[in-house]
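Beneath this line is the structure, given in structure tokens, with notes to follow.
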Amino acid sequence: MKFLKRALKQAPKFLAFALFWWKFRWMRTISKGVNPGRTVLFVNFTDWAPRAKLDGVIVAALRMRGVKPIVLTERKCTWSVRTLRALGVEDFLFLEDFLAEAEKEFRGMDFSALLQKHYSFAGLYDFSWKEIGVGRHVLSTVVRQMKGGGASFDDPGVRSELQKWFPISMRVAAAARLLFRRLRPDAVLFLEKGYTPYGELFDAALAENLNTIQYFHGHRSDLLVMRRFHSANRFEHPFALSQKSWERVKGLPWTQAQEETFMAELRKSYEEGSWMNRKFLLKGKKLKDPSEVRAQLHLDPKKKTAVIFSHVLWDATFFFGENLYPDYEQWLIATVRAACENPQVNWIVKLHPDYVWKMKQMGQSAAPRDILALQSEIGELPSHIQVVAPDTDISTYSFFAVTDYCITVRGTIGIEAPCFSIPVITAGTGRYSGLGFTDDSKTREEYLEKLRAIQNHPKLSEERTSLARRHAWALFALRPLPFTSCEIAPRPGAKSFEQDAVMRVHSQKDLEHAPDLKAFTDWILESKDEDYLNLSSNFSPQSCTKLHLTK
């Protein structure tokens, strides 16, 4: 009876797959191109069909160029493998096979003793094994798995997770080295490059000087961003500009009219709900007048307002730049403590709207970690500090009109806020620190001193505001590739937050004439640039702005 119930429950899924398999049967017969011997490795350890569909379309475009695509995955990713096979992928490698062989390298090794030797945050953070940052990946993975804000090494739960993940990371590191000693692809493509097992494979690819690329979704669901990594930029944020790209952008024409066009398009993207629409960040949000925002948040109109834009605390991105604090939770607690000591301004702790989407995905409804951490470490907050929940109906855009100061480690808000002449005080390096429009600190004390007298900081100058706008325009208009051949979007008629891949190629002719697929494959196979920049021969700043910010 249980088997029958399970079968009936799965029947619609299998029927939908059968229809998909039949509809895209033409992809399995794509003729080969003229570049035999070239290979591209896709690293995909998710069993999420929309991601497999996206990769499948790219694979088809590569096959037409005679390139041999190979997918590295795990055997448990059954739906992903089925989907990719349906789209013509023939070559798979399975991580389990390399793990079994790599196990020979660790015969007699005492992983517990090795972990104990480096058993502290700093010790593990700095621990590498044969050029692979095992310690960072273990820390990131444990924090994310536990949904905590950090890793307390005295916590028995943390110790148990570290003992679990440390050997796994070491084994994956050995498997990654084994893989790339045997296979030297012309490109290695990652959608994710942090956490175990992605991080170890990413480091191994860099150690072998391979053409290592991360591609991921931009601020809109039909945009992809690509970045090429090497040993010198391995810890940089993927959504950043290399120094070469930034100098190139600063050399492009930039006028007052172009700035105004960009700012109008930015507002329009919030109004239309296209900003960060893949993550549903504008779902239920409203643009409100400054007076409405101040009244709703009980802000003293006689005081300036500083907004602490909190991160998702268990997004342990220890692989992005350097932090003043070991993790986002310790940063948040230290920052709010400084805010408690400064009643001269209104303080807002704005929790990240990503929590709503992430918690729905995981089927959880617990309070955000920020709330738990502040209650535990600080207790009741004074009246001059307000906490704004992730599901607030106030659009982030509405905060710009009431914000005098922005505090973040390296969030996207640090790109947007200075476009409105709002000073941004950072607590770590990232995609925009050191570029001339943020207030960065080298030490914790320097950072905290700025918060203690934040009301004395001047508004951003016109020159620095213009620089910030040019930078934001480059990131949001030039860095993304409009990718419409396959767009991951909300599933029509489905429950909230469910997504699917909308495939818009229906024949080999469609693939041959798809400009996004040509641009993508050209860049990964032929370019040496760190950043993909959409600088076509008919380039104009105005057209790029309109093309990438709103549909």
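The values are calculated or read from the model by the stated rules, or taken from the named source; none is laboratory data. If you're wondering where the values come from, they're calculated on a predicted model, not measured in any experiment. Note that each Cβ is placed from the backbone with ideal geometry, even for glycine, and that neighbours are counted across all protein chains shown. The protein model used for the area step is the full one, side chains on, heavy atoms only, and it has no ligands, DNA or RNA in it. Shrake-Rupley method; radii C 1.70, N 1.55, O 1.52, S 1.80 Å.
Mind listing whichever residues of the stretch 190-215 are open to solvent by 10 Å² or more (accessible area, probe 1.4 Å) and farther than 23 Å from Leu139 by Cα?
Matches in the stretch 190-215: Glu208, Asn209, Leu210, Asn211.
Starting from the stretch 60-76, take each residue that is at positive phi and list its partners that are open to solvent by 10 Å² or more (accessible area, probe 1.4 Å), counting only C-beta distances under 9 angstrom and pairs at least six apart or across chains.
Qualifying pairs under 9 Å: Gly66/Lys32; Gly66/Gly33; Gly66/Val34; Gly66/Asn35; Gly66/Pro36; Gly66/Gly37; Gly66/Arg38.
Yes or no, residue by residue, for (1) among the small types (Gly, Ala, Ser); (2) free of Cβ contacts under 8 Å to residues at least 40 places away in the same chain; (3) open to solvent by 40 Å² or more (accessible area, probe 1.4 Å); (4) under 30 Å from Arg51 (Cα atoms):
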position: Gly88; (1), (2), (3), (4): yes, no, no, yes
position: Ala113; (1), (2), (3), (4): yes, yes, yes, no
position: Gly133; (1), (2), (3), (4): yes, no, no, yes
position: His137; (1), (2), (3), (4): no, no, no, yes
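List pairs: first in the stretch 433-451 and under 21 Å from Pro343 (Cβ atoms), second part of a loop (DSSP other than H, G, I, E, B) and among the aliphatic types (A, V, I, L, M), Cβ under 7 Å, 6+ apart or cross-chain?
Tyr447/Leu324; Tyr447/Ala427
Inspect the stretch 48-63 for any residue being of a type outside the set (A, V, I, L, M) and closer than 24 Å to Arg182 by Cβ and give the result as yes or no.
yes
Before we move on, is Thr521 in contact (Cβ under 8 Å) with a residue 24 or more places away in the chain, over 24 Å from Phe262 (Cα atoms) and not in a strand (DSSP E or B)?
Criteria met by Thr521.
Among the listed residues Ala401, Ala338, Ala334, which satisfies the condition of being at pLDDT 95 or above, within 27 Å of Pro290 (Cα to Cα) and part of a helix (DSSP H, G or I)? Reasoning before the result, please.
Numbers: Ala401 fails: part of a helix (DSSP H, G or I); Ala334 fails: within 27 Å of Pro290 (Cα to Cα).
Exactly one residue qualifies, and that residue is Ala338.
Anything in the stretch 30-86 that is open to solvent by less than 10 Å² (accessible area, probe 1.4 Å) and over 22 Å from Phe20 (Cβ atoms)? List them, or say none.
Val40, Leu41, Val43, Val67, Leu72, listed by residue number.
Under 9 Å between Cβ atoms, which residue pairs at least 6 apart in sequence (or on different chains) link something in the stretch 238-259 that is closer than 16 Å to Gly436 by Cα with a partner that is among the hydroxyl-bearing types (Ser, Thr, Tyr)?
Here the result reads Ala240/Tyr432; Leu241/Tyr432, each pair linking the stretch 238-259 to a residue that is among the hydroxyl-bearing types (Ser, Thr, Tyr).
Just checking, does the stretch 31-40 include any residue being within 28 Å of the chain's Cα centre (by Cα) and either modelled with pLDDT under 90 or closer than 16 Å to Phe92 by Cα (or both)?
Yes, the stretch 31-40 contains at least one residue that is within 28 Å of the chain's Cα centre (by Cα) and either modelled with pLDDT under 90 or closer than 16 Å to Phe92 by Cα (or both).
For Gly284, state whether it is more than 20 Å from the chain's Cα centre (by Cα), at pLDDT below 90 and either buried (at least 19 other Cβ atoms within 10 Å of the Cβ) or not acidic (Asp, Glu) (or both).
Against the criterion (more than 20 Å from the chain's Cα centre (by Cα), at pLDDT below 90 and either buried (at least 19 other Cβ atoms within 10 Å of the Cβ) or not acidic (Asp, Glu) (or both)), Gly284 qualifies.
Among the listed residues Gly133, Gly199, Gly157, Gly149, which satisfies the condition of being modelled with pLDDT under 90, touching a helix residue (DSSP H, G or I) at 6+ places or on another chain (Cβ under 6 Å) and not hydrophobic (A, V, I, L, M, F, W, C)?
Gly149
Does any residue of the stretch 170-188 turn out to be within 23 Å of Arg431 (Cβ to Cβ), among the aromatic types (Phe, Trp, Tyr) and either part of a loop (DSSP other than H, G, I, E, B) or open to solvent by less than 20 Å² (accessible area, probe 1.4 Å) (or both)?
no
With a cut-off of at least 1 residues that are over 30 Å from the mean Cα position of the chain (by Cα), name the helices (runs of 4 or more DSSP H) lying wholly within the stretch 90-152. Before you say what the answer is, go through the steps one by one.
Numbers: elements: 95-102, 111-117, 121-125, 134-146.
Output list reads 95-102, 111-117.
Just one of (1) at pLDDT 95 or above; (2) touching a strand residue (DSSP E or B) at 6+ places or on another chain (Cβ under 6 Å); (3) of a type outside the set (S, T, N, Q); (4) more than 13 Å from Arg479 (Cα to Cα) trips up Lys193, so point out which.
Going through (1) at pLDDT 95 or above; (2) touching a strand residue (DSSP E or B) at 6+ places or on another chain (Cβ under 6 Å); (3) of a type outside the set (S, T, N, Q); (4) more than 13 Å from Arg479 (Cα to Cα) one by one, Lys193 breaks only (1).
Being touching a residue at least 40 places away in the same chain (Cβ under 8 Å), closer than 14 Å to Tyr432 by Cβ and touching a Cys at 6+ places or on another chain (Cβ under 9 Å): is that true of Pro382 here?
no
Pairs, please: C-beta under 7 Å, at least 6 apart or cross-chain, first residue on the phi > 0 side of the Ramachandran plot and among the aromatic types (Phe, Trp, Tyr) and in the stretch 185-209, second buried (at least 22 other Cβ atoms within 10 Å of the Cβ) and part of a helix (DSSP H, G or I)?
Going by the 7 Å Cβ cut-off, the qualifying pairs are Tyr195/His137; Tyr195/Ser140; Tyr195/Thr141.
Pick from the stretch 216-238 the residues that are among the hydrophobic types (A, V, I, L, M, F, W, C) and open to solvent by 20 Å² or more (accessible area, probe 1.4 Å): which of them is nearest to Asp55 (Cα to Cα)?
Phe216
When residues of the stretch 420-478 are filtered for being among the aromatic types (Phe, Trp, Tyr) and part of a helix (DSSP H, G or I), how many remain?
Final tally of qualifying residues: 4.
Which one of these is under 20 Å from Ala204 (Cα atoms), open to solvent by 40 Å² or more (accessible area, probe 1.4 Å) and hydrophobic (A, V, I, L, M, F, W, C): Ala122, Ala100?
When all the criteria are applied, what remains is Ala100.
Within the stretch 422-442, how many residues turn out to be touching a Leu at 6+ places or on another chain (Cβ under 9 Å) and hydroxyl-bearing (Ser, Thr, Tyr)?
Adding up the residues that qualify gives 3.
Can you confirm whether the stretch 502-510 contains a residue that is open to solvent by 30 Å² or more (accessible area, probe 1.4 Å), touching a strand residue (DSSP E or B) at 6+ places or on another chain (Cβ under 9 Å), at pLDDT below 90 and farther than 29 Å from Thr335 by Cβ?
So the first thing to find is which residues in the stretch 502-510 are open to solvent by 30 Å² or more (accessible area, probe 1.4 Å), and the list is 502, 504, 506-510.
Checking which are touching a strand residue (DSSP E or B) at 6+ places or on another chain (Cβ under 9 Å) leaves us with 502, 504.
Then keep just the ones that are at pLDDT below 90; that gives none.
No, the stretch 502-510 contains no residue that is open to solvent by 30 Å² or more (accessible area, probe 1.4 Å), touching a strand residue (DSSP E or B) at 6+ places or on another chain (Cβ under 9 Å), at pLDDT below 90 and farther than 29 Å from Thr335 by Cβ.
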